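Pasting a structure here, questions to come.
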Amino acid sequence: MEEKKVVLVTGGTRGIGKKVAERFAKEGYNLVLNYVSENTDTNALKENFKEYGNEVLILKADVSKFDECENLVKEAIAKFGKIDVLVNNAGITKDGLIAMMKEDAFDRVIDINLKGTFNMTRNVVPYMMKKRCGNIVNISSVVGVIGNAGQSNYAASKAGIIGFTKSLAKELSARNIRVNAVAPGFIDTDMTSVLTDKVKENIYAQIPLKRMGEAKEVANVVYFLSDDESSYITGQVINVDGGMVM
Ligand code: NAP
């Protein structure tokens, strides 16, 4: 029997990350799911994935801390012996206009979104290089492509992820490792549930498809970019945004 592939998803226990995990589970992957919040019910999560019959490792780690990422990857390798796909999904917002933004709001967003992507990739890539294969999908945002007033910290982190993605695609192609990014628009998750109806109406007006996206619509593209179906695609940023950015 063919050995199951392994995907590691950061922030894989809710929102887009959870839908990504479900999609990979359906495709027969073993899962390594990361989270950071103390109150995460890992038993309920394991139950959630039971129907797929895959092995699921759920590990707490703050992606902004290099040593925690190192330990997370070591535990994943100890359990499964390899990581075929890394999805750098964990992310936060701390919005504010620049004249009011506290230094900590800038640092924290960069540390989790951008440095976290480095911390995880730096620890996973040596294993992929040794196997001479692998796929990395980084979750950016349309905000990293077109900017957004009140989100300069978030936009900087997400634009940074795009530069990081393209550089690694060039660097790692010789080792048969593909690196791509997905730039979601407005997706219905906890992250966007804080928006008022009025703000949402304004956003819909900028979206040709006139609705928010669903997390599974992002997950489908993440899976496609990790699969052999997309074997000639690397260094790309795919917008999943209902046509917001063209
Ligand atoms: P979400 O529902 O708020 O979930 C965020 C996830 O990130 C959670 O699983 C959370 O873990 C994890 N996380 C946060 N800080 C972390 C840390 N320091 N270490 C490890 N994990 C951490 O957000 P989402 O909407 O699914 O967003 C997922 C990704 O898509 C993010 O990178 C976000 O920027 C991006 N994105 C979202 C949208 C959107 O409209 N929703 C649009 C564009 C891009 P816990 O559950 O443990 O807190």
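Taken together, the values in this text are just the output of simple stated rules run on the coordinates, not laboratory data. Just so we're clear, the structure is a prediction, and the values are computed from it rather than from any experiment. Every residue, glycine among them, receives a Cβ derived from its backbone with ideal geometry; neighbour counts consider all protein chains shown.
Pop out the Kirkwood hydrodynamic radius of segment 167-246 from its pairwise C-alpha distances, inverse of mean 1/r, in Å to one decimal. Intermediate results must be reported in sequence, preceding the final value.
Details: mean 1/r = 0.0709 Å⁻¹.
One decimal place: 14.1 Å for the Kirkwood radius.
Under a point-charge model restricted to the Cβ atoms of Lys and Arg (+1) and Asp and Glu (-1), what is the dipole moment magnitude of the chain relative to its Cα centre, in debye to the nearest 20?
On the way: 32 positive and 31 negative charges, 105 e Å.
It comes to approximately 500 debye.
How big is the gap, in Å, between the Cα center of segment 8-35 and the Cα center of segment 171-195?
If we compute the Cα centre of each part, the gap is 13 Å.
Sort 224-232, 140-148 by the packing proxy (mean of other Cβ within 10 Å over each peptide's residues), most packed first.
Working: 224-232: 14.7, 140-148: 20.7.
Descending mean neighbour count gives 140-148, 224-232.
Hey, another quick one. If you wrap segment 1-67's Cα atoms in a convex hull and average its projection over all directions, what's the area in nm²? Write out the running numbers ahead of the final one.
Working: hull surface 19.7 nm².
Result: 4.9 nm².
Report, in cubic angstrom per residue, the convex hull volume of the C-alpha atoms of segment 126-184. The partial results should precede the final answer.
On the way: hull volume 3.8 nm³, N = 59.
Per residue, the Cα convex hull of segment 126-184 comes to 64 Å³.
I've got another one for you. Can you tell me the alpha carbon radius of gyration of segment 98-208 divided by the globular rule-of-thumb value 2.2 N^0.38 Å? Don't skip to the end; give the middle numbers.
Working: Rg = 16.3 Å, N = 111, 2.2 N^0.38 = 13.2 Å.
That ratio works out to 1.24.
Same structure, new question: Relative contact order of segment 110-192: what whole-number percent is it, with Cα pairs under 8 angstrom and at least 6 residues apart?
Values: 99 pairs, mean separation 30.7, N = 83.
For segment 110-192, the relative contact order is 37 percent.
Same structure, new question: Compute the angle between helix 152-172 and the longest alpha-carbon principal axis of the chain, please, reported from 0 to 90 degrees and rounded to the nearest 10.
Once rounded, one gets 30 degrees.
Provide the packing ranking of 50-58, 24-32, i.e. peptides ordered by the mean count of other C-beta atoms within 10 Å per residue, highest first.
Numbers: 50-58: 15.3, 24-32: 20.8.
Most protected by this proxy first, the peptides run 24-32, 50-58.
Moving on. Would you work out which of TYR223, VAL124, MET212 lies farthest towards the positive end of the dipole of the chain, given +1 charges on the beta-carbon of Lys and Arg and -1 on that of Asp and Glu, about the Cα centre?
The residue sitting farthest along the positive end of the dipole is VAL124.
Relative to the compact globular guide of 2.2 N^0.38 Å, what is the alpha carbon radius of gyration of segment 30-163, as a ratio? Intermediate values should be presented prior to the final figure.
Details: Rg = 16.3 Å, N = 134, 2.2 N^0.38 = 14.1 Å.
Expressed relative to 2.2 N^0.38 Å, the Cα Rg reads 1.15.
What percent do you get for the relative contact order of segment 1-93 when only Cα pairs under 8 Å and 6+ apart count?
On the way: 137 pairs, mean separation 33.9, N = 93.
Once normalised by length, the contact order is 36 percent.
Something else: Can you give the percent of C-alpha pairs in segment 6-240 whose distance is more than 28 Å?
Working: 7313 of 27495 pairs.
Value for segment 6-240 (Cα pairs over 28 Å): 27 percent.
Here's a follow-up. When the chain is fully extended, how far beyond the present Cα-Cα distance does THR40 get from LYS198, taking 0.36 nm per residue of separation? Could you put the intermediate results ahead of the total?
On the way: separation 158, 0.36 × 158 = 56.88 nm, distance 3.11 nm.
Between THR40 and LYS198, full extension yields 53.8 nm more.
Please give the net charge around LYS158, taking every other residue with its beta carbon less than 15 angstrom from that of LYS158, where Lys and Arg add +1 and Asp and Glu add -1.
That sum, taken over residues with Cβ under 15 Å, equals +1.
What does the extension gain come out to for ARG108 and ASP67, with contour length at 0.36 nm per residue minus their alpha carbon separation?
Working: separation 41, 0.36 × 41 = 14.76 nm, distance 1.69 nm.
The ARG108-ASP67 span can extend by a further 13.1 nm.
Further question: With axes computed from alpha carbons, what is the tilt in degrees of helix 15-26 against the longest principal axis of the chain, rounded to the nearest 10 within 0 to 90?
That helix lies at roughly 30 degrees to the long axis.
Explain nothing, just the number: relative contact order of the chain, from Cα pairs under 8 Å at least 6 residues apart, as a whole percent. Please report the intermediate quantities before stating the final value.
Numbers: 459 pairs, mean separation 47.7, N = 246.
Once divided by the residue count of the chain, the mean separation gives 19 percent.
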